[in-house]
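Trainee: Sharing a structure with you now.
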Amino acid sequence: MPSVKRNGARVDHGLSMTDSRIVSSRRLASSKRRSRRATVAGPPSHSSLPGLKLMVAKGGLRSSALQFRRRLFEKEQGTEGLDEFDNHAVQLVGSVKGEIVAAARLVEPGRRPFGLEQYFDLAVHLGKRERVAELSRYCLHEEWRDIVRGTVLHLGMLKLAILYAQARKIESVVGSVQPRFRALYERVYFKSIGPSFHHPIFGHTTIMLLRLGAGQWAKAHPLRTLIEDSRIPEVHL
């Protein structure tokens with residue numbers, strides 16, 4: 001770094017060309033390291049969840065899904081978590097190595113009014129003939145509630161619900177969402193509608209709506225990022 005003396009003091013004139021190239025090189029290397037860290041910080045690869053399966057529960061698996069939910073609800077909410085909607089709702093399941101670790105249900109349009117409509121006027125947010133389904137009773141095994149560790153599982157369950165709804169020509173999906181899951185729903189383009197309210201079982205709750213539209217999605221549809229993500233395994237409808 002070149003410098004000269006003025007009145008006995010040494011004054012730096014800045015970086016030489018050589019020093020400048022060294023600093024630029026270091027900055028570039030630092031930028032690449034940050035980029036690599038950002039990549040690593042994303043959702044874990046599918047290989048980190050061997051044996052993960054996402055499916056619509058049928059037969060004995062359907063009964064197991066309801067038992068899984070009942071066990072968690074009785075332990076944590078003091079209620080069995082089952083109701084009349086379960087007689088007809090589609091039960092969605094995520095399992096790892098044969099063990100159920102996530103469950104949810106999709107109540108189809110013909111079963112309205114939904115449970116959440118006891119607390120929220122959904123009709124004002126929908127078209128008169130809009131086919132909407134309710135995604136509800138989402139529950140997770142205790143070891144899979146960490147957002148970082150369970151990202152693939154969480155997004156996989158949403159992918160399962162969305163693809164099932166699309167196959168049934170359902171135009172919108174609505175759900176009551178607890179604060180800890182709101183960011184995940186927003187990540188797949190759910191939007192909050194109306195004010196939050198206090199649910200007697202789940203506490204502070206926000207109603208969120210996803211509009212799927214009718215027919216097949218165009219290549220530019222933002223949900224294709226989720227549906228085609230190779231880190232999330234295929235679903236079984």
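Quick note: the coordinates plus some simple rules give every number you see, no bench work behind them. All values reported here derive from a predicted model rather than from experimental measurement. When we count neighbours, we look across all protein chains shown, and the Cβ atoms used for this are built from the backbone with ideal geometry, even at glycine.
Trainee: Quick check on my filter: what residues within the range 51-87 are in a loop (DSSP other than H, G, I, E, B) and under 13 Å from Ser136 (Cβ atoms)? Walk me through how you get there before you give the answer.
Mentor: Within the range 51-87, the subset in a loop (DSSP other than H, G, I, E, B) is 51, 57-59, 77-83.
The answer is Gly81, Leu82, Asp83.
Trainee: If a residue counts only when it is closer than 21 Å to Ile100 by Cβ and either β-branched (Val, Ile, Thr) or in contact with a Gly (Cβ under 8 Å, 6 or more places away or on another chain) (or both), which strands (runs of 3 or more DSSP E) contained entirely in the range 130-203 have at least 1 such residues? If you could, list the steps in order and put the result at the bottom.
Mentor: Details: elements: 132-140, 172-177, 197-199.
The qualifying strands (runs of 3 or more DSSP E) are 132-140.
Trainee: Is at least one residue of the range 120-128 under 16 Å from Phe190 (Cβ atoms), of a type in the set (Phe, Trp, Tyr) and in contact (Cβ under 8 Å) with a residue 40 or more places away in the chain?
Mentor: Among the residues of the range 120-128, at least one is under 16 Å from Phe190 (Cβ atoms), of a type in the set (Phe, Trp, Tyr) and in contact (Cβ under 8 Å) with a residue 40 or more places away in the chain, which makes the answer yes.
Trainee: Collect the residues in the range 162-191 that are within 14 Å of the chain's Cα centre (by Cα), at negative phi and not aliphatic (A, V, I, L, M), keeping them in residue-number order.
Mentor: Those that are within 14 Å of the chain's Cα centre (by Cα), at negative phi and not aliphatic (A, V, I, L, M): Gly175, Ser176, Gln178, Pro179, Arg180, Phe181, Arg182, Tyr185, Glu186, Arg187, Phe190, Lys191.
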